[in-house]
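Scroll down for the structure; my scribbles are underneath it.
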Amino acid sequence: MLVLLYPDGPGLRVLLTRRADDLDHHKGQISFPGGSCDPGDRDYWETALREAREEIGLLAAPHRLGHLPPLFIPVSGFAVAPCVGYLPGRPDVRPCSGEVAELLEPPLGDLWEIERWEDVKTPSGAIWRMPVYPWQAYRIWGATARMLHSLRRALIP
């Protein structure tokens, strides 16, 4: 996964996607660009950049800031290695309509102000206490919210 940050006025924005409604996994959900490792990928960073090129048409090479703690997503069985990158300006992107329904670019400060914790029922019926971000008409939850919370903890100790 690529957690892409870039400046907007005095703060930073983060680039998220709303996944296409006809995908096999996590359809219609808010996520970071990313996906599975290919055999030719040397590391998680290379996977994150390749997937960002495929999903959102990102051609710029972000400055590599580091990684967030890895996550396991029980619903899909995926292990996620979030890579954090920075660009000095808004990225020029062209989303792939087969994978991305729309792009979201929330300011991090707005997300931090609206973070709340909820008991969320997963598709399997389990209930997890997790961060949720009700930003504009969207509900950012699940693994994406957990990664945003990890980012917040890394940036605001």
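Derivation of every value follows stated rules applied to the coordinates shown; laboratory data play no part. What you see is a predicted model; the values in this text were computed from it and never measured. Every residue, glycine as well, gets a Cβ built from its backbone with ideal geometry; the counts of neighbours run over all protein chains shown.
Each of L155 and S97 was given a label point 7 Å from its Cα along the Cα-to-Cβ line. The distance between the two points is 3.2 nm. Across the chain, the relative contact order, built from alpha-carbon pairs under 8 Å that are at least six residues apart, equals 26 percent.
With a Förster radius of 25 Å applied to the beta-carbon distance between I114 and R64, the computed FRET efficiency rounds to 0.30.
Could you tell me how far the Cα centroid of the stretch 66-83 sits from the Cα centroid of the stretch 84-157, in Å? Each part reduced to its Cα centre gives a spacing of 14 Å.
Protection proxy ranking of 5-12, 143-150, 83-90, 123-130, by the mean of other Cβ atoms within 10 Å over each peptide's residues and highest first, is 143-150, 83-90, 5-12, 123-130. Neighbours of M130, meaning other residues whose beta-carbon lies under 15 angstrom from its beta-carbon, give a summed charge of +4 when Lys and Arg score +1 and Asp and Glu score -1.
Which of rounded, prolate or oblate describes the chain when judged by the alpha-carbon gyration tensor and an a/c cut-off of 1.5?
rounded
Placing unit charges on the Cβ atoms of the charged side chains and taking the dipole of the chain about its Cα centre, the candidate lying farthest along the positive direction among P95, I30, P131 is P131. For the stretch 2-155, the dipole from Cβ point charges (+1 on Lys and Arg, -1 on Asp and Glu) about the Cα centre works out to 380 debye, to the nearest 20.
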